[in-house]
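K.L.:
What follows is a single structure, and I will ask about it in a moment.
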Amino acid sequence: MQPQAMNPRQDKVAIVTGGASGIGRSICMALCRQGATVIVADIDRPAAELVAANLTREGYRARALELDVSSADAVAAGVDAVVAEFGHIDWMFNNAGIVVGGEVQDIDTRAWRRIVDVNFLGVVHGTHAAYQHMLRQRSGHIVNVASMYGLFPGILVAPYVATKHAVVGMSLALRSEARRQGVRVTAVCPGFIRTGLLHSGQYSRGFTAKGLEQSIPFGFTDVDAAAATILRGLRRNRALVVFPLYARITWWIYRLSPWLMIFINRLATPFYLKKAHDRHS
Ligand code: NAI
């Protein structure tokens with residue numbers, strides 16, 4: 001039997017982890033507008049259901065899936081169930097993530113383990129589960145949402161920086177293997193996007209989301225604009241989608257002279273420390 005030709009717009013199926021809010025939610029909305037069927041996968045079930053219900057009400061095809069990406073079995077079961085129902089998977093967005101911030105001496109190992117479990121192993125679990133199906137299909141796109149802090153170090157967020165570097169490394173290593181099999185892999189490395197990420201973060205002694213937010217010297221990108229930039233990068237099959245401009249410039253400086261960047265970070269750390277200890281919130 002000949003394989004059925006897929007309509008490039010109508011028959012696409014996407015799973016978006018962390019799809020219930022922020023960047024994930026905007027990606028779900030943008031994909032739906034392109035005609036895709038979207039699985040809004042999130043640990044926050046009511047929020048995922050709300051996003052899916054709103055999209056369905058607008059006439060789009062969306063479904064909620066309660067999923068903790070730190071569980072390999074749960075992610076595999078979720079992805080397998082989607083493929084069993086729809087017959088294929090076109091996009092796996094490993095987007096769910098959390099922040100752990102503060103000075104390293106104040107961050108306990110449980111917090112380190114949690115951020116590794118969600119930000120790095122969560123991406124590994126999603127990649128592993130979707131890749132099996134994509135290899136069989138000889139098509140598909142794995143999209144791992146890292147951060148500009150996956151390309152160079154940020155200040156006072158060492159666990160976040162570590163996990164995002166791991167995501168970028170894994171994605172780029174896989175990309176060359178996967179290409180031979182018809183599967184695309186992209187790592188997304190944004191700067192600061194206006195979402196609830198910082199406010200749901202876990203911070204060590206004296207740090208607050210508001211304080212951290214105030215210490216950031218750049219404007220925050222609108223979340224829908226960020227989703228549009230990401231999808232444009234995917235259409236061009238970029239290995240890395242790095243934005244906005246300051247993220248690209250900083251990355252360029254870091255590649256030119258890692259020493260210079262680390263020196264600048266050293267000078268900026270006292271300023272960040274002062275701002276991040278916001279005692280009024
Ligand atoms: P957000 O906090 O708005 O959304 C994150 C979503 O992930 C939430 O819906 C949350 O419920 C879900 N989630 C958290 N833990 C989960 C788990 N164990 N299993 C399944 N879902 C889980 O944050 P935002 O900003 O949309 O973040 C999305 C991704 O973008 C994250 O990986 C983040 O690190 C990355 N990013 C965000 C930037 C920003 O400035 N907001 C900048 C660069 C990267």
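K.L.:
Out of (1) more than 19 Å from the chain's Cα centre (by Cα); (2) surrounded by fewer than 24 Cβ atoms within 10 Å (Cβ to Cβ), the odd one out for residue 29 is which?
P.N.:
With (1) more than 19 Å from the chain's Cα centre (by Cα); (2) surrounded by fewer than 24 Cβ atoms within 10 Å (Cβ to Cβ) applied to residue 29, the lone miss is (1).
K.L.:
Which residues, counting only those in region 225-245, are surrounded by fewer than 15 Cβ atoms within 10 Å (Cβ to Cβ) and assigned to a helix (DSSP H, G or I)?
P.N.:
Selection gives 225, 228, 232, 235, 245.
K.L.:
Further question on the same structure: Just wondering, is there one or more residues in region 264-276 that are surrounded by 19 or more Cβ atoms within 10 Å (Cβ to Cβ), farther than 13 Å from residue 154 by Cα and either out of contact with any Phe, Trp or Tyr (no Cβ under 6 Å at 6 or more places or on another chain) or without any contact (Cβ under 8 Å) to a residue 60 or more places away in the chain (or both)?
P.N.:
No, the conditions are met nowhere in region 264-276.
K.L.:
Could you please find all residues in region 38-68 being in a strand (DSSP E or B) and surrounded by fewer than 21 Cβ atoms within 10 Å (Cβ to Cβ)?
P.N.:
Passing the criteria: 61, 63, 66.
K.L.:
Suppose we keep only residues that are of a type in the set (Gly, Ala, Ser) and at negative phi within region 133-146. Which one would you say is nearest to the ligand (Cβ to nearest atom)?
P.N.:
The residue in question is 146.
K.L.:
Ok, one more. Taking the residues in region 81-93 that are outside any helix (DSSP H, G or I) and buried (at least 16 other Cβ atoms within 10 Å of the Cβ) as candidates, determine which candidate is farthest from the ligand (Cβ to nearest atom).
P.N.:
The qualifying residue farthest from the ligand (Cβ to nearest atom) is 88.
K.L.:
Let me ask another. Checking the condition of a type in the set (Gly, Ala, Ser), closer than 21 Å to residue 208 by Cβ and either in a helix (DSSP H, G or I) or near the ligand (Cβ under 10 Å from one of its atoms) (or both), which residue from 130, 96, 111 passes?
P.N.:
Within the list 130, 96, 111, the selection yields 111.
K.L.:
To continue, here is another question. Within region 185-224, how many residues turn out to be surrounded by fewer than 21 Cβ atoms within 10 Å (Cβ to Cβ) and of a type in the set (Phe, Trp, Tyr)?
P.N.:
3
K.L.:
Could you list, in sequence order, all residues of region 171-193 that are over 15 Å from residue 92 (Cβ atoms) and more than 7 Å from the ligand (Cβ to nearest atom)?
P.N.:
Of everything in region 171-193, those that are over 15 Å from residue 92 (Cβ atoms) and more than 7 Å from the ligand (Cβ to nearest atom) turn out to be 172, 173, 176, 177, 179, 180, 189.
K.L.:
State which residue is farthest from residue 270 (Cα to Cα) when the search covers only region 183-223 and only residues that are in a loop (DSSP other than H, G, I, E, B) and of a type in the set (D, E, K, R).
P.N.:
Once the filter is applied, the top-ranked residue is 222.
K.L.:
Against the condition part of a strand (DSSP E or B), in contact with a helix residue (DSSP H, G or I) (Cβ under 7 Å, 6 or more places away or on another chain) and either near the ligand (Cβ under 10 Å from one of its atoms) or under 19 Å from residue 20 (Cα atoms) (or both), how does residue 123 come out, does it pass?
P.N.:
Considered against the rule, which asks whether it is part of a strand (DSSP E or B), in contact with a helix residue (DSSP H, G or I) (Cβ under 7 Å, 6 or more places away or on another chain) and either near the ligand (Cβ under 10 Å from one of its atoms) or under 19 Å from residue 20 (Cα atoms) (or both), residue 123 comes out as no.
K.L.:
Still on this model: Just the residues that are assigned to a helix (DSSP H, G or I) and either of a type outside the set (A, V, I, L, M) or on the phi > 0 side of the Ramachandran plot (or both), please, taken from region 99-108.
P.N.:
Residues satisfying the conditions are 105, 106.
Since every read-out is calculated from the coordinates, none of them should be taken as a lab result. Quick caveat: nothing in here was measured; it's all calculated off a predicted structure. When we count neighbours, we look across all protein chains shown, and the Cβ atoms used for this are built from the backbone with ideal geometry, even at glycine.
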